[in-house]
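We did not get these values from a lab; they are worked out from the coordinates using the rules stated. Note that this is a predicted model, so its numbers are computed, not measured. Methodologically, a virtual Cβ is constructed for each residue, glycine included, from the backbone with ideal geometry; neighbour enumeration extends over all protein chains shown.
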Amino acid sequence: MSGSGPAIELRMLGPLRVVRGGEALALPPSRKVRGLLAYLALAPRPVPRGQLCELLWDVPSDPRGELRWCLSRIRSLVDDDARRRVVTRGDTVELDLADGLVDAREVARATEHGVDALAVDRQRSLEALFGGELLDGLEMEASPLFNGWLIAQRQRFRACHAALIERLARTVPDDEALGYLERWRGLAPFDPRVHETLLTWLARRGRFHEGDEHLAATVTLFEAEGLDAEPLRQAWRAARADRRIEIVASIPDAVVAAGRQRRSIAVMPFVDRSVGARVPGGVADALAQDVITRLAKLRSLLVIAQGTVFALHERGMGAEEAARTLDVDYAVSGSVRQHDGRFTVNVELVETRSARLVWAETYRYPMAELFEVLDEIGDRIVAAVAAEIETLERSRAVLKPPSSLDAWEACHRGLWHMYRYRKPDNDQARQFFQLSLRIDPTFSRAYAGLSFTHFQEVFQGWEPSEPHVEAANEAAAQGILADERDPAVHWAMGRALFLRRRWDESEAALARSIDLSPNFALGHYNLSFIRSLHGDPQTAIADTDLSRRLSPFDPMLFGMFGTRAMALVRLEQFAEAASWAVKAAGRPNAFPHIQAIAAYSLALAGSLDEARTYAAAARRAVPGYGVANFLATFPFERAGEVLFRKGARLVGMD
């Protein structure tokens with residue numbers, strides 16, 4: 001790129017334009033040439049020719065010939081003597097615009113991690129790139145796959161634009177803010193926050209008559225669409241009473257979070273991109289309904305009801321726009337496609353206010369297996385969404401001062417410390433769970449966390465056991481009273497009953513947790529743990545495999561590996577047990593008991609030198625650690641105890 005600016009510019013945020021040397025070039029009249037240019041400009045990697053043919057040509061006589069003709073027209077626009085920007089390698093096509101500027105790509109790259117991280121001047125410059133709807137006027141009804149792609153991209157960039165405008169409206173000086181508020185309102189007329197913010201702006205400047213008129217018009221608009229306008233009335237009453245909500249403040253922190261113990265999520269109907277798919281109630285709708293139901297059963301998120309999201313979808317709202325209208329924190333959207341004997345599902349999780357793409361995944365299966373794998377797809381989507389949100393919320397809570405935390409944030413701050421499995425962190429986790437419960441005594445998830453911190457004191461041997469056994473049971477019982485349908489409190493009770501060696505009751509409590517939510521990975525894991533000690537080891541292995549499939553990046557992954565190793569030892573499959581135990585000990589939060597599982601499994605497998613390495617690691621962490629410590633924590637049935645005592649003896653830890 002020269003010092004005078006980019007060699008070539010593609011303006012896509014509005015009608016498509018190609019600019020070279022400061023002058024807009026005349027574009028070919030063919031919509032397919034322009035559509036192909038736009039698609040290649042946004043493609044993150046080289047695109048196979050077959051995919052491009054399928055995208056733009058339904059069943060022409062010679063799709064590859066037409067593709068070659070379109071590429072030749074694009075070359076005449078973007079190539080010059082110094083540089084060939086249309087690059088073909090093998091069977092793929094790529095548009096190399098490293099020396100150019102693509103406004104949409106610039107916005108996508110800059111907002112990849114959310115708009116909040118950007119400086120105000122950068123937010124202003126990005127917002128100024130929006131000259132209208134993405135690729136305005138480029139719809140192609142005769143090319144349904146391209147049209148589907150275009151709709152999805154428009155929704156994506158509309159969400160980015162709304163997030164940029166909202167952030168600017170809340171941060172720039174008042175005189176400048178009104179312009180952004182008007183643009184925000186035009187872009188998202190059913191987003192309650194834009195109206196709340198505008199009403200606050202009017203009240204702060206004493207323009208009460210205008211505020212009354214705006215409220216009346218907006219209430220009429222909302223009620224005509226079947227939306228609840230009462231929060232707008234409340235916001236206007238608060239603003240008029242001089243309960244000042246500064247435009248630079250975050251409304252979720254100032255208003256919503258104070259009374260909220262769960263983050264919220266909307267799962268939009270999935271789009272069926274199969275050729276000819278126009279009938280509602282098919283596989284796409286069924287999959288979205290399944291994800292909504294499974295997420296609701298986890299009880300960790302407030303999930304918008306199916307009827308509401310399907311109604312907004314029928315009005316043509318994309319996932320991000322609907323999520324902003326519903327004032328929820330996260331949105332899930334996706335698509336399905338049946339083609340060439342394959343079934344493909346694409347899913348995205350977006351943080352609503354920042355327009356940040358949190359997670360995306362593609363699942364592909366043979367069509368012949370469709371109905372057998374739908375449950376598995378639902379499991380994987382729900383587990384991934386829940387895990388990504390939990391991780392994000394824990395990380396966010398760590399950055400906030402304790403005095404500013406609400407019940408949800410204090411609980412997630414506690415979880416962050418809890419999963420470090422160290423005594424000082426466990427003490428801090430308990431304090432944050434107690435803080436969460438002081439703010440909201442009905443928050444069941446905080447009771448589950450509090451119970452687990454007491455469980456850890458006993459399980460790790462950090463403090464005398466009896467007071468903590470009682471406290472673990474009491475906290476779990478309080479959690480069940482707070483929300484009997486929360487799987488986490490039954491998980492906590494199962495753990496607490498384990499400390500009392502009440503095997504059948506412990507197993508029943510854990511079974512209850514997964515009856516309530518079949519996707520609750522920790523319930524499956526702890527059932528496998530109990531069964532690895534006293535039940536059927538083969539069943540324990542199946543349980544732990546399921547828990548890992550549901551939560552492949554779980555903070556307790558070391559325990560899932562270790563549990564599998566213990567079950568394999570009981571089956572006398574020592575080499576395989578040693579392999580899993582080494583994986584467990586290699587996890588960053590593994591503690592001395594896990595090192596001991598690796599030492600004993602390796603010894604039984606005949607790898608004594610390696611076994612002694614793990615034995616030494618356990619004793620460095622806990623001087624004098626031996627098999628008595630191990631069996632006090634893992635009370636195996638008799639045959640299992642004999643095997644582990646033998647392993648300990650082989651490495652001098654008996």
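What the table below lists for this structure:
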{"read-out": "Shape box of the stretch 52-120 [Cα atoms, principal axes, largest first, Å]", "value": "51, 33, 21"}
{"read-out": "Crossing angle, helix 407-418 versus the chain [Cα axis fit, 0-90 degrees, rounded to tens]", "value": "50 degrees"}
{"read-out": "Lys/Arg +1, Asp/Glu -1 at C-beta; the chain dipole; positive extreme among L546, S528, T613", "value": "T613"}
{"read-out": "Cα long-axis angle, helix 465-482 against the chain (0 to 90 degrees, to the nearest 10)", "value": "40 degrees"}
{"read-out": "Whole-Hz couplings from phi, Karplus 6.51/-1.76/1.60, listed for the stretch 10-23; x for Gly and Pro", "value": "10, 9, 10, 8, x, x, 5, 9, 10, 10, 9, x, x, 10"}
{"read-out": "Value of [θ]222 nm, deg cm²/dmol, for the chain, DSSP H segments ≥ 4, -39500 (n - 2.57) each, nearest 500", "value": "-19000 deg cm²/dmol"}
{"read-out": "Radius ratio Rg over Rh of the stretch 496-575, counting only Cα atoms, Kirkwood formula for Rh", "value": "0.96"}
{"read-out": "About the Cα centre, charge dipole magnitude for the stretch 92-138 (Lys/Arg +1, Asp/Glu -1 at Cβ), debye", "value": "140 debye"}
{"read-out": "Percent of beta bridges antiparallel (DSSP, the chain, rounded to nearest 5)", "value": "75 percent"}
{"read-out": "Estimated dipole of the stretch 263-397 in Debye, rounded to 20 [Cβ of Lys and Arg +1, of Asp and Glu -1, Cα centre]", "value": "260 debye"}
{"read-out": "Ranked T293, T563, criterion: other C-beta atoms within 10 Å, fewest first", "value": "T293, T563"}
{"read-out": "Across K400/K423; K423/K646; K423/K583, pairs whose alpha-carbon gap is larger than 26 Å", "value": "K423/K646"}
{"read-out": "Efficiency of FRET from Cβ geometry, D515 and S76, R₀ 60 Å, rounded to 0.05", "value": "0.40"}
{"read-out": "Calculated P(r) tail over 20 Å for the stretch 263-397, as whole % of Cα pairs", "value": "42 percent"}
{"read-out": "Modelled FRET efficiency - R0 25 Å, A305 with T220, Cβ distances, 0.05 increments", "value": "0.50"}
{"read-out": "Orientation-averaged projected area, Cα convex hull of the chain (nm²)", "value": "34.3 nm²"}
{"read-out": "Positive-pole candidate from A286, A266, L326, dipole of the stretch 263-397, charges at beta carbon", "value": "L326"}
{"read-out": "Amide H contacts under 5 Å for V102, placed H, 5+ residues apart", "value": "L10"}
{"read-out": "Likely footprinting exposure, C53, C411, fewest C-beta neighbours within 10 Å first", "value": "C53, C411"}
{"read-out": "Förster radius 25 Å - calculated FRET efficiency between R122 and E361 (Cβ-Cβ, nearest 0.05)", "value": "0.25"}
{"read-out": "S547, S403 arranged by Cβ crowding within 10 Å, fewest neighbours leading", "value": "S403, S547"}
{"read-out": "The stretch 143-185 pair-distance distribution - Cα-Cα, 10 Å bins, rounded %", "value": "29, 35, 20, 14, 3"}
{"read-out": "Tilt relative to the chain, helix 592-604 - C-alpha long axis, 0 to 90 degrees, to 10", "value": "70 degrees"}
{"read-out": "Inter-label distance for A142 and Q538, nm, one decimal - labels placed 7 Å from Cα along Cα-to-Cβ", "value": "6.2 nm"}
{"read-out": "Prolate/oblate/rounded label for the stretch 68-212 (Cα gyration tensor, a/c 1.5)", "value": "prolate"}
{"read-out": "Semi-axes of the equivalent ellipsoid for the stretch 1-128, Cα gyration tensor, largest first, Å", "value": "28, 17, 14"}
{"read-out": "Positive-end extreme of charge dipole, the chain - chosen from L10, H339, Y180 (charges on Cβ)", "value": "L10"}
{"read-out": "Stretch gain in nm, segment A368-R502, where the contour uses 0.36 nm per residue and the Cα spacing is subtracted", "value": "43.7 nm"}
{"read-out": "For peptides 190-197, 109-116, sequence by mean Cβ density within 10 Å, most packed first", "value": "190-197, 109-116"}
{"read-out": "Charged-residue dipole, Cβ positions (Lys, Arg, Asp, Glu), the chain about Cα centre, Debye nearest 20", "value": "1280 debye"}
